[in-house]
1. What is the helix-to-structure angle for 224-245, meaning the angle in degrees between its Cα long axis and the longest Cα principal axis of the chain, kept from 0 to 90 and rounded to the nearest 10?
2. To the nearest 10 degrees, how steeply does helix 187-205 sit against the main Cα axis of the chain, on a 0 to 90 scale?
3. Net charge near Ala220, counting Lys/Arg +1 and Asp/Glu -1 over other residues with Cβ under 10 Å of its Cβ?
4. If neighbour count is taken as other Cβ atoms inside 10 Å, put Ser37, Ser301 in order from fewest to most.
5. Which is the longest stretch in the chain that no exposed loop site breaks, taking sites as trypsin sites (Lys or Arg not before Pro) with a DSSP loop state and at most 14 other Cβ atoms within 10 Å?
6. Could you tell me how many degrees, from 0 to 90 and to the nearest 10, lie between the Cα long axis of helix 283-300 and the main elongation axis, the longest principal axis, of the Cα atoms of the chain?
7. Let me make sure I get this right: for region 234-298, a, b and c are the square roots of the gyration tensor eigenvalues over alpha carbons, sorted descending. Under 1.5 in a/c it's rounded, otherwise prolate if a/b > b/c, else oblate. Which is it?
8. Using a 7 Å offset from the Cα along the Cα-to-Cβ direction at both His179 and Ile152, what is the distance between the two label points in nm, to one decimal?
Amino acid sequence: MNTTPALPFRRRIGPALTLIVLAPLIAEVLPGATRISSLFVFPIEMAIWGGGALLIREARRHFQLGWLHTLFLALGLALIEECLVQQTSLAPVVIQIVPGAQYARAFGLNYLYFLWALGYEAAYVVFLPILLTELIFRGRRDAPWLRKPGRIVTGAIFVLACIPAWYSWTQIARVKVFHQAPFTPPAAAVAISILALATLLVLALAPVRRHFQAARRPLAPPSPWVLGVCGCIAAVLWYGVMLLAFRLRPQFPPGAAMAAGIAIVLAIVYLLPRFAAHPRWNDAHRLGIVLGTTFGSMTVSFAGFIYGAAPLDLYGKIVLDVIAAVLLLWLALRRRGSPGASLVRAA
């Protein structure tokens, strides 16, 4: 049975297009990972990050998935990027703040960077953009945004976009920008990555997913302000994990960095679903998370622009971040305290 509201195409497609833009905007452009001088890659990022986030959101609605199933799918999307498309977790790291031997690398994997990438991309590509889009289109929050043809087209574009994304990074950017040799991962690494991806898809979508639907005991959420501050702190700490992966402090034990990163992830995964299961949870809490984590990411990432950034990139980031901050605050004033469903479900 088709549950898509009988709305004009323009209104029906609005949330989907918004999510396609927001996913790479929040994850790549606002933090400055994709700089103004490199915005020509934004359409590919929309196809991969935006398309992937949209497909995950539609799968969540179609299969009535809980937060853990959504996390499996988000990790799968990050795994595709990190090990199959751009392969940045498998290839030697191209950015080293302090030149020297590779840091936190073993068995052909940049394991600290891999941890950072999985956490960052799951949060900033999938969860936060979906949460923000559902806050913007509150009336369409519980409805599907695509029909079957739209899902097929989105999936096809996603797959096709992976080809230029792979070639432009592994064969061109590594050579011409970072002066490294082109990278081709070992066949075993590719096979393991595909197996891991298949496992995540099975856990999320196959009948076995019912084993991951146990109800979580609700916890009373803190105030939206506290959530926002905690989200900002978490964003700053996670940026620090990335800097360590880029050899900021070569003497810092990689095992300690991994333990700290895992502790942050476990705290978030334990607390947020329980907060969201509580009756007091509402749009003000969701807005607190979105604002805190986004502001934290935008602000701390200026550290990467202190030295060597072109004026166009620096001032472009300032302008875009200010516009984003104003729009987020305007949304917060309009949506504060309203009830509704949540991305982070108890199931």
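What follows draws every value from the coordinates through simple rules; no lab data is involved. As the structure is a prediction and not an experimental result, all values here were calculated from the model. As a convention, Cβ positions derive from the backbone with ideal geometry for all residues, glycine included, and neighbour counts pool all protein chains shown.
1. Approximately 20 degrees, to the nearest ten.
2. Tilt relative to the chain: about 10 degrees.
3. Values: positive: Arg274, Arg280; negative: none.
Around Ala220, the surrounding residues sum to +2.
4. Values: Ser37 11, Ser301 19.
If I rank by nearby Cβ atoms, fewest first, I get Ser37, Ser301.
5. Details: sites that count: Arg147, Arg280, Arg336.
With a cap of 14 other Cβ atoms within 10 Å, the longest stretch comes to 1-146.
6. 20 degrees
7. Values: a/c = 6.33, a/b = 1.96, b/c = 3.22.
Note, shape of region 234-298 comes out oblate.
8. 5.0 nm
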